[in-house]
1. Using a 7 Å offset from the Cα along the Cα-to-Cβ direction at both V154 and R17, what is the distance between the two label points in nm, to one decimal?
2. Protein chains only, probe 1.4 Å: how do K63, K125 rank by accessible area, largest first?
3. Between the stretch 34-52 and the stretch 75-146, what is the separation of their alpha carbon centroids in Å?
4. What residues have an amide H closer than 5 Å to that of N23, excluding those fewer than 5 places away on the same chain, when H is modeled at 1.01 Å from N in the peptide plane?
5. Sort Y71, Y54 by accessible area with a 1.4 Å probe, largest first.
6. May I ask you to derive the FRET efficiency for A140 and K102 from their Cβ-Cβ distance with R0 = 35 Å, giving the value to the nearest 0.05?
7. With every protein chain kept in the model, how would you rank E151, E118 by accessible area, 1.4 Å probe, largest at the top?
8. Computing the accessible area with a 1.4 Å probe over protein heavy atoms, can you report the carbon and sulfur percentage for the stretch 1-133?
Amino acid sequence: MPNAITMLKADHVVLKRILKQLNEVTAPKQRERLVAQFEKAIKTHAQIEEEVFYPAFKARTEKTDDVDMFYEAAEEHHVVDMVLPALKAANPKSPEFEAKAKVMKDLIEHHVKEEETEMFVAARKVFEDKQLRELGNLMAERRETIEAMWESPVLRPVKKLQGVAHKILPTKVKTAKATAIAKAMEMEER
Ligand SMILES: [Fe+2]
Ligand SMILES: [Fe+2]
């Protein structure tokens, strides 16, 4: 069974590598290809974090100061969501594109560093290894579905729409999901 934290860290390596390349290449075609690659990678990663890891973390840290890490991380995801469409829309030959690519790289590096040095450290304290592997399994399942949708020309448009729906879901619904996951875990512990 995959450990949730190991899985997320492996994604981080890929995300940072794509952005490093994006900030090095100058050929417009290469830039476009890397942006497309980054979009798929970041959307899949952010979705499994938001659907599985974050709600579980939030539920387990709710009554402590550690829950602030969840709120900050969620806001940073939101900032990435705003910069990504601007990066996609920018002309890959323009200085604006370069600026947006640089901002995205800085954003992701900052966010990943905070997750790895703060949130994941806290998560290792509140979750047993068994639970991290259970969360990892849940995330692996979700990833398979999400990636299959990205690969399918028929389902890809649905996936993009779903991404939008996923983002505009009211906080209440997301909280309900988080609570459900926490409850299931608490029951298992008894
Ligand atoms: Fe994240
Ligand atoms: Fe992450």
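The values are calculated or read from the model by the stated rules, or taken from the named source; none is laboratory data. Everything numeric here is computed off the predicted structure, so don't read it as measured data. Virtual Cβ from ideal backbone geometry, glycine too; neighbours counted across all protein chains shown. Heavy atoms of the whole protein, side chains included, go into the accessibility calculation; ligands, DNA and RNA do not. Shrake-Rupley method; radii C 1.70, N 1.55, O 1.52, S 1.80 Å.
1. It is 3.3 nm.
2. Most to least solvent-accessible, the answer reads K63, K125.
3. The two parts, judged by their Cα centres, are 7 Å apart.
4. Amide H neighbours of N23: none.
5. Output order, biggest surface exposure first: Y71, Y54.
6. Given R0 = 35 Å and the Cβ-Cβ separation, E is 0.60.
7. Solvent-accessible surface, decreasing: E151, E118.
8. Of the solvent-accessible surface of the stretch 1-133, carbon and sulfur hold 56 percent.
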